[in-house]
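Participant: One structure, pasted below without further comment.
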Amino acid sequence: MLLRIAVLVGMLLGCGLGEKCSAFQNISEEQQALDISQHGFDGVSMAVRTGSQIILTPTTRGRSQKYVVSPRFYAAIASVECIGHPEVKVKVQPEPTVWRLQWSEALPEGADVLIRFDTPPRLISEQTAIEASSDGALFLWACDARTVGEKLRYEPQPFKNTVGFWVKQSDIAVWQCQIQEAGWYSVALLQGCGHGQGESPGRIIFLKKGNEIDSTACVIKETGHFQNFEWVHSGHVFLGEPGDYTVHIQPEHIRGKAFGDIRAVSIVRQQKHVAAGNQ
């Protein structure tokens, strides 16, 4: 296995097989072989994580069925490709807890699949609470959300990068974060919603140790397309003490086919005299 990993990394660096691959330049981070017996891998004989990239080696069955399955990673996808074979187009089909990577053409013998991410990809067991920036503001990105329910999922494709397929009212999106300072916070959603699908009401709930501290209502705005994202202010919450919080977004009613797509949540610290007029 170590030899196989070395060859793969050599391919990425353009020094292993004599043919430099432009998709794999400037990789110097430590390589890690992921445990394919866990985490939801299927049709994969090896998975290697290198910085912001993952290389999947399909099994014979994976090649013949023209797809492999990986766990959902907590990072947005920048691109997916078959190493050294640009004619083979690999597509990602996200499910609630796993991703299916499929291709229509025959995968060449010995070819591997490369997933490039915007940030280092993490498994759910590696997730940590989102920390605030120096000014106390928090941005909860879709790629960091844990989706709970039957249909809701994180859709990692570059043209989506959203929590989506929100067709069940009972499904919720969950983030873990750290609040640095007690006080009032303004809450907004970077959201999209298709034509004729808007005006679904929901709640953004802040919990600490399982207890609800405060919440604000949200109404999903129609933007003409589920991936036409706009910032929409929802309201204010008062968080009486700093520390670890859990943020839930819960639909109260779905008026059309879906609640909406959410790419990010902003939580911005307010001055007391500003927030006092918005209670």
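The values are calculated or read from the model by the stated rules, or taken from the named source; none is laboratory data. Quick caveat: nothing in here was measured; it's all calculated off a predicted structure. Note: ideal-geometry Cβ built from the backbone for every residue, glycine included; neighbour counts use all protein chains shown.
Participant: Among the residues of the range 83-118 satisfying the criterion of being more than 19 Å from the chain's Cα centre (by Cα) and acidic (Asp, Glu), which is modelled with the highest pLDDT?
Facilitator: That would be Asp112.
Participant: Further question: Taking the stated definitions as given, is Val80 within 21 Å of Gly164 (Cβ to Cβ), modelled with pLDDT of 95 or more and buried (at least 21 other Cβ atoms within 10 Å of the Cβ)?
Facilitator: Considered against the rule, which asks whether it is within 21 Å of Gly164 (Cβ to Cβ), modelled with pLDDT of 95 or more and buried (at least 21 other Cβ atoms within 10 Å of the Cβ), Val80 comes out as yes.
Participant: Would you point out the residue of the range 95-111, among those that are of a type outside the set (Gly, Ala, Ser) and in a loop (DSSP other than H, G, I, E, B), that is surrounded by the fewest Cβ atoms within 10 Å (Cβ to Cβ)?
Facilitator: Looking at residues that are of a type outside the set (Gly, Ala, Ser) and in a loop (DSSP other than H, G, I, E, B), I get Glu109.
Participant: Looking at the range 116-131, which of its residues are assigned to a strand (DSSP E or B) and not charged (D, E, K, R)?
Facilitator: Across the range 116-131, the qualifying residues are Phe117, Ile130.
Participant: Search the range 88-101 for residues that are touching a residue at least 40 places away in the same chain (Cβ under 8 Å) and pair each with any residue that is polar (S, T, N, Q) and assigned to a strand (DSSP E or B) when their beta-carbon atoms are under 8 Å apart and the residues are at least 6 apart or on different chains.
Facilitator: Going by the 8 Å Cβ cut-off, the qualifying pairs are Pro96/Thr147; Val98/Ser70; Trp99/Ser70; Trp99/Gln93; Leu101/Ser70; Leu101/Gln93.
Participant: For the range 132-183: of the residues being acidic (Asp, Glu) and in a loop (DSSP other than H, G, I, E, B), which is surrounded by the fewest Cβ atoms within 10 Å (Cβ to Cβ)?
Facilitator: It comes out as Asp135.
Participant: For the range 9-48, how many residues meet the condition of being outside any loop (DSSP other than H, G, I, E, B), modelled with pLDDT under 50 and in contact with a Ser or Thr (Cβ under 8 Å, 6 or more places away or on another chain)?
Facilitator: So the count comes out to 3.
Participant: If you don't mind, there's one more thing I want to ask. Can you list the strands (runs of 3 or more DSSP E) found entirely within the range 49-94 that contain at least 2 residues being touching a Gly at 6+ places or on another chain (Cβ under 6 Å)?
Facilitator: Filter on the range 49-94 gives 67-71.
Participant: Would the range 241-255 turn up any residue that is surrounded by 18 or more Cβ atoms within 10 Å (Cβ to Cβ), part of a loop (DSSP other than H, G, I, E, B) and not acidic (Asp, Glu)?
Facilitator: yes
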